[in-house]
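Asker: What follows is a single structure, and I will ask about it in a moment.
The values are calculated or read from the model by the stated rules, or taken from the named source; none is laboratory data. Just so it is clear, the model here is predicted, and its values are computed rather than measured. Every residue, glycine as well, gets a Cβ built from its backbone with ideal geometry; the counts of neighbours run over all protein chains shown. Note: accessible area is taken over every heavy atom of the protein model, side chains too, but ligands, DNA and RNA are not part of it. Shrake-Rupley method; radii C 1.70, N 1.55, O 1.52, S 1.80 Å.
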Amino acid sequence: MREISITGGEPLTRKKTALSNKILRELNDLKRKYDNERFSLLPALYLFQREYGWLSAEALEKVGEILGVPKTTVKSVSTFYAMFRHKPMGRHLIQLCTNVSCMIMGCERLTDILKTRYGLGPNATTHDGRFSFLVMECIGVCDIAPAMVVDTDLYGNLTEDSLIGILERYE
Amino acid sequence: MITITIDGKKISFERPVTILDAARAAGIHIPTLCHHDILKPYGGCRLCLVEVEKVPKLQTACSQYVSDGMVVRTETEKVVDARRAVLEFLLINHPLDCPHCDKAGECELQDLAAKYGPAMGRFAEGKRRYPENLEDPLIVRNRERCILCLRCVRMCDDVQGASALSVTGRGSKSYIEPFSGGAYDCEYCGNCLAVCPVGAITSRTHRHGFRPWLMEKEVETVCSYCGVGCSLVLQVRNNSVVRSVPRSGLGLNRGLLCSKGRFGYDCLNYGDRLDAPLMRRNGVLERVTWTEAINCIADRMKEIKRENGSDAIAGIVSGRCTNEDAYVFQKFFRGAIGTNNIDSVAGMAYGPAQRFFEKILVQGVTANPIQGISDSDGIFVIGGDPTAINPVLGLQVRSASKKGVPVIVVGHPGGLKRYSKRAFIMNSAAETVFLAALVDEIKRRRPLPGERPVLEEIINGFRPAPLEDASKMSGFGPNDLVDTAHALSNMSRPSIIIGRDIVQTDTGHMNLLFLAALTYLLNGRIYLLSELPNEQGVLDMGCQPDMLPSGRPLTVETFRKRCEETLGIIIPPAPGLSYAEMTEAAHEGRIKALYVMGEDMVLGLPDSNYVRGALRNIEFLVVQDRFFTETAKYADVVLPALSWAEKEGSYTNLERRIQLTRKAVEGESIEEWKVISEISKTFGLHMGYRSAADIFSEIARVSQIYRELTLEGIADGKSVWPYRGGPLRYDMHTEGTKLPDIVSVMEESGMSGVHVRREAHLFHSQNASRYSPALLSITPEPHLKIGDILADRLSVKDGDRVKVSTDAGSIVLSARRDPCLPDNVVLASTFDGGGIFEITKWRVNPITKAPASDVNGVVIDKEEAITVLHKDRADSLVGG
Ligand code: SF4
Ligand code: SF4
Ligand code: SF4
Ligand code: FES
Ligand code: FES
C-alpha cells in the first residue's frame, strides 16, 4: 500500500498582521459575486482563515466591517461551523481522522506518535508553534484510511513511518 | 372570509391570522415560549403545538396561518404529551435554581413547568454548567438558564436594530452573548432582558432585590428623559421605585424603552437628593425651614423690584418641569413680579425652530405622529442623531430603513450608520452652504407648489454658491450633492428630522429657512428632536418672553387683554428677554434676581465660564432643583424639588401629545407649583390651587390650544394636536425673513481649522442622567470622537487623553477613534466638569437668539499625563 498525497492550493502563511492588498482585493471580488452581503460571509471567513490560520476577534470584526454584516452575526456563523478555528494555530495544522474507517485502519498508532514524538495531543499546539493538531471526523476518503490533512494537503494510507516522513517536510 | 373551528368554537376572520392569534380571539390560551408580540413569528420552541385536522403532524400555532375550514384542537392528549416532552427537553439543561433567580414569580418557564410538569427530566447526565457572567455593569447573563428561544437576539436585531447579541456555538453548546463574550458594547436599551422569558438576561439595577410578588403597586406614567414621552410602569416597594418597565399595549412606545427610560429611574434614589431648603448666610449655604426660605425670596425679590424695577427679575424653567409647574411659574412672573422675562431651555433651539416653521409654513407643522416615520417614503436627518436624542423615535427611522426607505443624514449618522444611504459630515458653515445647494438643485427638479408666495420668493430669489464651491467646502464631490438632491426629489412624503445643533450655530437662521424650503418643496413632515420631556409643554404654557399661555403673542393687545381678564392679572405689554439674553443681561448686571427652576445653566449652556460669570453677577439667585447642581453652587436660596415620579402633572411631547404623569412615590419636598404659589401670595397674588388638576383646568380655560381638556381626560394618552381647539389663526408674518446670503457665509466662515461639534449622548440627557449611577456606569466620562486621519496625525489611539483648546479654555478628554469623521470635525459630549461647553465661546445668533453650541479653530494635542477628570460631587455640597 502506497502513501497517497494530494497537494492542496496555496500553502498557509501565518503571522501576518495587516490586511494585505491581495486579501482586500479578493474580498471585494467576493462581494461583487453575490448580491447579498451575507452570502459572501462563509467564503470571506475561509479567506481570512487561509490567510491567518485562525479567526481572531479582530478578524471577525474586520470581516463584518468590510461586508457590512454585524460582527455579532459573523461570530455566530463562524462559531457554528467546526472548521473555523477561534484560537491561534501553529504554523502547520494537522487534521487527523479518527472516525470509524480510520480507527479500524489504526489511526490510534498515529495519534500515539504525535503524542510521543511531538508531545502533541488533540486541540493542542507544539511549544515551538510548529504544529497544531485537530481530531477530524470522517474526511470522506475512507478508501485511503487512515488519512489526514496537513494544512491543505491530503495524505492517505498512512503508516507510522510515512507520517513522520510527511511531517518532516513541514517546517 | 376565513372560518375555522378551534376547540369546537367557530370563528371567522377577514384576513389570515396565525392560529395563535385566532385562538386568542376565541378566548383560548395556547402556551408559548419563543413567541413574543413585539417580535415576528419564529416557531422555534415547539411549545405552542396544536392539532390540525387532516394534517398528520402537530403544527406550531405561533407561525402557522389559518385557512378556511381549518379545524384546530389545542388541548388534546397528543398535544399535551408533546408539550410535556418539549418542556422535559428544556429542563435537561435548565438549572431550576428558581429560589435565587430574579425572574422567579414572573418566569414563563416556571409557570409552564408548574402547569405541564414534570419538574425533573429523566435525563441522567449532568447539566450544562456555566458561571454567571457579571462583567457588564448593568446586565447579567446566566447561560445555564437560557432556553435558546432567541427572543433576545431577534429583539436586538429586528426591533432595536443594534445587532449586539448573537448565538455562539452550536447545538447544546450554544449560548447567547455579546460580541466580546463579556461586557456589552451596545445601546443598553434593555429590551433584550425585557423579552427573555426566563432569568437568563437580567438587570443589575435590582439584582436580588426585586420579587414580583412583594411589589406594592404599579403606576402607569410617562418617561421623564426625553421628548418622545414613552409610557412606562413604575413598580414600587417601600416608597421606592424598584423597576421601570414598558407594557406592550401601552403608549406610543409599544413595549420598548431606551437606556434612559429603562435604567435611568435610579436617579430617583440618588443619595444626595436635596431634601430641605438652603439659604446663604455669611457666604455659606445652610439648611433653613420652608417659611424662612420663602420669606427670604419674597423679601429680596420685592426689594429688587422696588429698587430696580420688575424687569431686573427673570425666571428660567427646565424642559423637565410639568405643564402645571411651568404654567404657575409664568403666571407668578407676569402677575406678581410684573415681567415677561420668562424662558426655558426650549427657547434655545426647539422653540425658535418651531416658531419659524409655524410662521413660514403652517401652525402645528411639527405635530406629526412618531409612528408615521416608518411609513414615510424617505427620511432626511439633520442636526442630531435621533437614535441618541430620542431613541425610541430613532427606532422608527431604522424600521423604515429596513423596509428599503432611503435615509439621508447631514451630520454624524451615529446610530443610523448601518441604516443610512448617505451621511455627510462637515463643519456648520459648510452645512448651510450644502443645504442651500440642495434646495437649489431640488427646485430645478420639482415644481414649486404655488401655495406660499413669500417662501417661493425666497426659494427663487436666493443665490446659492456655485456647485463646485459648495462641494469643495463640504468635502464631498459635486456628484454626491446632485445625487442626493435627486434622491430627495424622488420622495413624495418624506420625514424631515431636525435636531437642535442645526439651530444653535451662527448660520442657524439660514438653516431653518432652507429646511423650511426643503419641507415645502418635498411636501415633508417635520419632526423636531427634543432632548427634554416637556419642551413643547413649557412653550405651550407661555414660558416664553413674548407668548401668552393662550398660545398667542402678547404684543397683540386683544389677546393680552383676554388673557388678563381670564387670569385676573395685569400682563406687561412688552416682550421680555430670552434665555440667552437673560444670561447676557445678568453678565452685564442688568438682571439682579434670577429664579431657575430645574435647569442647570452651567452645564446646559455653551461657554460655562461665561455662564458662571453671569451667575456670579446676579444679586439674588434662587435655584429649585432635585440635586445640588453646578448652578446651585451660586445660589442664595436653594429649594428642593420633586421628581416627576413624586407628583402628578402632565407633559406634552414632541408630537404634541399631552400625557399624564402620575405620582408613584412620596418625595421629601413640596410640589414646585405649591412653593411658587406661596411666594406669589406674599405679592398679593393668590392662586388658590389645590391640585395639579385644578391648574390644568385653568390652563384649559386660558389656553386656546388646550381648550376643554382635563387632566383625567388626557390619561389615555390620546390627546394629540390639534386637540379640541383646532389650529389657531393669526397672521403668519414673514417679514424680516431676508434672502440668505450664502456668499458671505462662504467668505466669513473662516472654517479652516478643526471644528468641534456637540455630540448628543445616548446615555445622557442634560442634568438628570448625571445622577443616575446606572447610566453613569455605562459612560462614566466624556470623550472626544476623532476621525482616523486626524488621530493618525496626532498618533492618538482609543482611550488616549487629548487636550482640546480654544480661546475660552481647554479640556482633557478620552479619545475615541471614529472612522466616519473627516479630519476637520471632531465630536465632544457635554458632560459634568469637562464637556465641550467648557470651551465654546459665547455667541448668540441675533435672529434665533440661540447660543451657538459648536466652536471652530480648536487645537488638539495628545496629553501624556493622566488627568483625573471626575471630581467627587459630594465634596461640593456646601452647608446642608
Ligand atoms: S440592551 Fe438593547 S442593544 Fe443591548 S443587547 Fe440588549 S437589545 Fe441589544
Ligand atoms: S437569553 Fe433569554 S431570550 Fe435569549 S435565547 Fe436565552 S432564554 Fe431566550
Ligand atoms: S425614548 Fe425618550 S421617552 Fe422613551 S424611554 Fe427613552 S428617554 Fe424615555
Ligand atoms: S473515517 Fe477517516 S476518512 Fe472516513
Ligand atoms: S411559541 Fe410557537 S414555536 Fe415557540
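Asker: Could you tell me how far the Cα centroid of segment B:8-79 sits from the Cα centroid of segment B:103-163, in Å?
Answerer: 24
Asker: Report the net charge of residues surrounding B:S318, where surrounding means a beta-carbon distance below 9 angstrom and charges are Lys +1, Arg +1, Asp -1, Glu -1.
Answerer: Its environment carries a net charge of -2.
Asker: Under a 1.4 angstrom probe, counting protein chains only, how are B:K331, A:K115 ranked by accessible area, largest first?
Answerer: Highest to lowest solvent-accessible surface, that is A:K115, B:K331.
Asker: Next question, about the same structure. Grab segment B:350-528 and count how many Lys pairs have their alpha-carbon atoms under 20 Å apart, sequence gap of 8 or more, or different chains.
Answerer: 4
Asker: Okay, next question. Leaving out same-chain residues fewer than 8 places away, which lysines sit with a Cα under 26 Å from that of B:K54?
Answerer: B:K9, B:K10, B:K78
Asker: Can you find, among A:S40, A:G64, A:I113, the residue sitting farthest towards the positive end of the charge dipole of segment A:38-157, where Lys and Arg contribute +1 and Asp and Glu -1 at Cβ?
Answerer: A:G64
Asker: Then there is this: For segment A:31-151, what is the largest minus smallest coordinate of the Cα atoms on each principal axis, given in angstrom and ordered from greatest to least?
Answerer: 47, 33, 20
Asker: Can you pull a Stokes-Einstein diffusion coefficient for the protein assembly as shown at 20 °C (1.002 mPa s), Rh from Kirkwood over Cα pairs, as a whole number of µm²/s?
Answerer: Value of D from the Cα-based Kirkwood radius: 67 µm²/s.
Asker: Still on this structure: So what is the orientation-averaged projected area of segment A:13-80, using the convex hull of its C-alpha atoms, in nm²?
Answerer: Quarter of the Cα hull surface area: 4.1 nm².
Asker: How big is the accessible area of B:H208 in square angstrom, nearest 10, if you roll a 1.4 angstrom probe over the protein chains?
Answerer: Near enough 100 Å² of accessible area.
Asker: Report the net charge of residues surrounding B:Q354, where surrounding means a beta-carbon distance below 13 angstrom and charges are Lys +1, Arg +1, Asp -1, Glu -1.
Answerer: 0
Asker: Treat every Asp and Glu Cβ in the protein assembly as shown as -1 and every Lys and Arg Cβ as +1, leave all other atoms uncharged, and give the resulting dipole magnitude about the Cα centre to the nearest 20 debye.
Answerer: Numbers: 127 positive and 130 negative charges, 387 e Å.
Its charge dipole is roughly 1860 debye.
Asker: Right, something else. So for the protein assembly as shown, taking the charge dipole from beta-carbon charges (+1 Lys/Arg, -1 Asp/Glu), which of B:G857, B:G351, B:T507 sits furthest toward the positive end?
Answerer: Result: B:G351, furthest along the dipole toward the positive end.
Asker: So how strong a dipole does segment B:350-528 carry about its Cα centre when Lys and Arg Cβ are +1 and Asp and Glu Cβ are -1, to the nearest 20 debye?
Answerer: About 500 debye.
Asker: What does the structure give for A:62-69 when I average, per residue, the other chain Cβ atoms found within 10 Å of the residue Cβ? If you can, show how the numbers build up before the last one.
Answerer: On the way: counts 0, 0, 2, 1, 0, 0, 1, 2.
Counting Cβ atoms of other protein chains within 10 Å of each residue's Cβ and averaging gives 1.
Asker: A further question on this structure: Give the percent of DSSP beta bridges with both residues in chain A that are antiparallel, rounded to the nearest 5. Let's see the in-between values first.
Answerer: Working: 11 of 17 bridges.
Here the share of antiparallel DSSP bridges comes out near 65 percent.
Asker: Any idea of B:I847's accessible area? Nearest 10 Å², probe 1.4 Å.
Answerer: Looks like 110 Å² after rounding.
Asker: Which one of A:A124, A:A82, A:A145 has the biggest mean-square fluctuation once chain A is modelled by GNM with Cα springs under 10 Å?
Answerer: The residue that fluctuates most here is A:A82.
Asker: Let me ask something else about it. How much length would be gained if the chain were fully extended between B:A715 and B:R690, taking 0.36 nm per residue of separation minus their Cα-Cα distance, in nm to one decimal?
Answerer: On the way: separation 25, 0.36 × 25 = 9.00 nm, distance 1.93 nm.
Stretched fully, the B:A715-B:R690 segment lengthens by 7.1 nm.
Asker: Now for a separate question. Using a Förster radius of 60 Å, what is the FRET efficiency between B:I670 and A:R130 based on their Cβ-Cβ separation? Nearest 0.05, please.
Answerer: 0.20
Asker: What's the Kirkwood radius of segment B:2-92 in Å, using all Cα pairs?
Answerer: Numbers: mean 1/r = 0.0758 Å⁻¹.
Roughly 13.2 Å, rounded to one decimal.
Asker: Cβ neighbours within 10 Å, averaged per peptide: list B:850-856, B:391-397, B:604-610, B:137-143 in order, most packed at the top.
Answerer: Listed from highest to lowest mean packing, they are B:391-397, B:850-856, B:604-610, B:137-143.
Asker: Round to a whole angstrom and tell me the spacing of the C-alpha centers of segment B:650-671 and segment B:248-318.
Answerer: 15
Asker: Separate question: When the dipole is taken about the Cα centre of segment A:102-159, and only Lys, Arg (+1) and Asp, Glu (-1) are charged at their Cβ, what size is it in debye, to the nearest 20?
Answerer: So the dipole magnitude of segment A:102-159 works out to roughly 220 debye.
Asker: Here's another thing I want to ask about it. Accessible area, 1.4 Å probe, largest first: how do A:L93, B:L739 sort?
Answerer: In descending accessible area the options line up as B:L739, A:L93.
Asker: Please compute one quarter of the surface area of the Cα convex hull for segment B:118-185 and express it in square nanometres. Show your work: numbers first, answer last.
Answerer: Details: hull surface 22.9 nm².
Seen from a random direction, the Cα hull of segment B:118-185 projects 5.7 nm² on average.
Asker: Treating each Cα of segment A:92-168 as an identical point scatterer and ignoring solvent, apply the Debye formula and state log10 I(q)/I(0) at q = 0.19, 0.22 Å⁻¹.
Answerer: These q points yield log10 I(q)/I(0) values of -0.69, -0.94.
Asker: Would you mind computing, in nm to one decimal, how far apart the modelled labels at B:E135 and B:S795 are, each placed 7 Å from Cα along Cα→Cβ?
Answerer: 3.0
Asker: Using a 1.4 Å probe on the protein heavy atoms only, what accessible surface does B:I442 show? Give it in Å² to the nearest 10.
Answerer: 0
Asker: Between B:A23, B:I498, B:G126, whose Cα lies farthest towards the positive end of the dipole of the protein assembly as shown when Lys and Arg beta carbons carry +1 and Asp and Glu beta carbons carry -1, centred on the Cα centre?
Answerer: The residue sitting farthest along the positive end of the dipole is B:A23.
Asker: Distance between the C-alpha centers of segment B:346-390 and segment B:486-533? Whole Å please.
Answerer: 7
Asker: With θ set to phi - 60° and the Karplus curve 6.51 cos²θ - 1.76 cosθ + 1.60, what are the ³J(HN,Hα) couplings of segment A:116-126 in order, to the nearest whole Hz, using x for Gly and Pro?
Answerer: Computed from phi, the couplings for segment A:116-126 are 6, 7, 10, x, 10, x, x, 6, 10, 10, 5 Hz.
Asker: Roughly what % of Cα-Cα distances in segment B:454-588 sit above 20 Å, to the whole percent? Mind dumping the intermediate values first?
Answerer: Numbers: 5967 of 9045 pairs.
Tail fraction, whole percent: 66.
Asker: Between B:T3 and B:E457, with labels modelled 7 Å along Cα→Cβ, what's the label distance in nm to one decimal, could you check?
Answerer: In this crude spin-label approximation the distance works out to 6.8 nm.
Asker: Here is a further query. If you take the C-alpha gyration tensor of chain B, multiply each eigenvalue by 5 and take the square root, what semi-axes do you get, largest first, in whole Å?
Answerer: 46, 33, 29
Asker: Right, here's the next one. In the protein assembly as shown, what % of DSSP beta bridges are antiparallel (nearest 5)?
Answerer: Of those bridges, close to 60 percent are antiparallel.
Asker: Net charge near B:L87, counting Lys/Arg +1 and Asp/Glu -1 over other residues with Cβ under 14 Å of its Cβ?
Answerer: On the way: positive: B:R46, B:R83, B:R84, B:K115, B:R122; negative: B:D81, B:E88, B:E108, B:D111.
My count for the surroundings of B:L87 gives +1.
Asker: With n ≥ 4 as the cut-off for DSSP H runs, can you work out [θ] at 222 nm for chain B, using -39500 (n - 2.57) per run divided by the number of residues, rounded to the nearest 500? Working shown, then result.
Answerer: Numbers: 26 runs with 245 residues, N = 880.
Rounded to the nearest 500, it is -8000 deg cm²/dmol.
Asker: If you don't mind, another one. Take A:D35, B:D375 and sort them by solvent-accessible surface of the protein heavy atoms, 1.4 Å probe, largest at the top.
Answerer: Result of the area sort, largest leading: A:D35, B:D375.
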